[in-house]
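Asker: Attaching a single structure in structure tokens format; questions to follow.
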Amino acid sequence: MKLTIDDVRSRFQKHFDGTTGSVYASPGRINLIGEHTDYNNGFVFPGAVQQGMIAEIKPNGTRTVRAYSIDLKDYTEFSLDDPAGPSASWARYIFGVCREMMELGVPVEGFNTAFAGDVPLGAGMSSSAALESVYAFALNDIWGENKIEKMELARVGQRTEHKYVGCNCGIMDQFASVHGKAGSLMRLDCRSGEFEYFPFNPKGYKLVLVNSQVKHELVGSPYNDRRRSCERVAEAIHKLHPEVESLRDASYEQLDEVRGQVSEEDALRAHYVIGERERVLTVCDALEKGDYETVGKMMYETHEGLSKEYEVSCEELDYLNDVAREEGVTGSRIMGGGFGGCTINLVADELYDNFCKVVKEKFTAKFGKEPIIIDVVIGDGARKLC
């Protein structure tokens, strides 16, 4: 994490009373494979990154939260007892976490806080989950005696998205932000909540994000529409096969049975999700064998599905994927919800320098804006710094 405690503390002291509080951090995340499967009760394969959010917090003896966003240079305050909450979108994440922690019985009081992040906004690395997780972890530490378990802290962030922000996201982003461990990816079963760590040290390869700098906005229709498509197909299959509760349980054959009852668009969405479930499991097996060629093949297949079937790509991301193929990159795909953001690339060490050079040159020539290269280092989850 390039961001330091001092970066936040100096602003905290300036904007409040010159004293200091406690400092917490929570990371953004990458997801090697398993996109749009979490809200279909499938498997995902994320890892926390070194970039994230840092927040300083100090109780202020009132029922009011006074919050300063260092990056946005914006200040707001809100009462913990006002069900409407603040209007500023960034502050609603903090408000939602406060209200959800109170629902769990944590006696949250008013506090002063300042926060900043070095997760690239709009890059699909989930800056929002990092923000939710840093406050959920902190409130649990300050007022909750750390009684709330980590998975419930992740659900606090997810409920915040649903109830206070308007994005019907799955659990993956918050899970990764809370549970991350340096040097490990995690395979999460989004239905059972069971997960396991997979050591990730791909000898001979680097994980590289290429940020298109096209901003995506998941709140609102594009993301939620796709979720509803999946639910409609699952409901149609469930009528014929009661054991199928979600697309996690569905097969291609069952999808074919209901094609006449659902729209072609919904069927395409479902076809992608069923295939992605299998790709995650294939990648897990391949990683255990050190078979990175198979990992890369699955990444390209995921991109194809996200672009052509799930339709969450865009011209810039498809172009980045094409350049990766042309340059011999082992694997490349959209990462995150789509509609902009990054591609995640598995690049052989000997190709790394040339790939970074060529992708910058070609993308800039075509779109007039240079993409940002972000080297991925897998880091730890939410924690107290001091």
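The values are calculated or read from the model by the stated rules, or taken from the named source; none is laboratory data. Only a predicted model underlies this, so the values are computations on that prediction, with no experimental measurement involved. Note that we place each Cβ from the backbone using ideal geometry, even for glycine, and neighbour counts take in every protein chain shown. Accessible surface areas use protein heavy atoms only, side chains included; no ligands, DNA or RNA. Shrake-Rupley method; radii C 1.70, N 1.55, O 1.52, S 1.80 Å.
Asker: Could you sort 37, 282 by their accessible area in this structure, using a 1.4 Å probe and putting the largest first?
Answerer: Descending accessible area places them as 282, 37.
Asker: Label region 278-351 by shape, choosing from rounded, prolate and oblate, from the square roots a ≥ b ≥ c of the eigenvalues of the Cα gyration tensor; if a/c is under 1.5 it is rounded, and otherwise prolate applies when a/b is larger than b/c, oblate when it is not.
Answerer: Oblate shape, in that a/c is at least 1.5 and b/c is the bigger or equal ratio.
Asker: Under the Karplus relation 6.51 cos²θ - 1.76 cosθ + 1.60, θ = phi - 60°, what is the ordered set of whole-Hz ³J(HN,Hα) values for region 357-374, x standing for Gly and Pro?
Answerer: 5, 5, 5, 5, 4, 5, 5, 5, 5, 7, 10, x, 8, 7, x, 9, 8, 10
Asker: Quick one: compute the contact order of region 1-108, relative version, from alpha carbon pairs under 8 angstrom and 6+ residues apart, as a percent.
Answerer: Averaging sequence separation for qualifying contacts and normalising by length gives 21 percent for region 1-108.
Asker: Taking the Kirkwood radius as the inverse of the mean 1/r across Cα pairs, report the Rg/Rh of region 122-221.
Answerer: Reported Rg/Rh, Kirkwood definition of Rh: 1.00.
Asker: Quick one: compute the contact order of the chain, relative version, from alpha carbon pairs under 8 angstrom and 6+ residues apart, as a percent.
Answerer: Relative contact order, the chain: 23 percent.
Asker: Right, here's the next one. Taking all protein chains together and a probe of 1.4 Å, list 73, 163 from the most accessible to the least accessible.
Answerer: I get 73, 163, largest accessible area first.
Asker: To two decimal places, what compactness ratio does region 205-267 give when its Cα radius of gyration is scaled by 2.2 N^0.38 Å?
Answerer: Scaled against compact globular proteins, the figure is 1.52.
Asker: log₁₀ I(q)/I(0) of region 67-150 at q = 0.16, 0.17, 0.25, 0.27 Å⁻¹, via Debye over equal Cα point scatterers, no solvent, to two decimals?
Answerer: Each listed q corresponds, in turn, to -0.62, -0.70, -1.35, -1.47.
Asker: Using Stokes-Einstein with the Kirkwood hydrodynamic radius over Cα pairs, what translational diffusion coefficient do you get for region 220-369 at 20 °C and a viscosity of 1.002 mPa s, in µm²/s rounded to a whole number?
Answerer: D, rounded to a whole number, is 128 µm²/s.
Asker: Sticking with this structure for a sec: With r as the distance between the Cβ atoms of residue 231 and residue 181 and R0 = 41 Å, compute the FRET efficiency 1/(1 + (r/R0)^6) and round to 0.05.
Answerer: 0.80
Asker: Specify the inter-centroid distance of region 217-280 and region 149-206, based on alpha-carbon positions, in whole Å.
Answerer: Measuring centre to centre over Cα atoms gives 22 Å.
Asker: Follow-up. Under a point-charge model restricted to the Cβ atoms of Lys and Arg (+1) and Asp and Glu (-1), what is the dipole moment magnitude of the chain relative to its Cα centre, in debye to the nearest 20?
Answerer: For the chain, the charge dipole is close to 1060 debye.
Asker: Which translational diffusion coefficient, to the nearest whole µm²/s, is obtained for region 62-111 from the Stokes-Einstein equation, given a Kirkwood hydrodynamic radius over C-alpha pairs, 10 °C and 1.306 mPa s?
Answerer: The diffusion coefficient I find is 144 µm²/s.
Asker: Taking residue 14 as the anchor, which lysines have their alpha carbon closer than 30 Å to its alpha carbon, excluding any fewer than eight residues away along the same chain?
Answerer: 2, 58, 73, 384
Asker: Under the rule of -39500 (n - 2.57) per DSSP H run of 4 or more residues, summed and divided by the residues of the chain, what mean residue ellipticity at 222 nm is obtained, to the nearest 500 deg cm²/dmol?
Answerer: -13000 deg cm²/dmol, from helical runs alone.
Asker: Something else about it: How do 2, 369, 239 rank by accessible surface area computed with a 1.4 Å probe, from largest to smallest?
Answerer: 2, 239, 369
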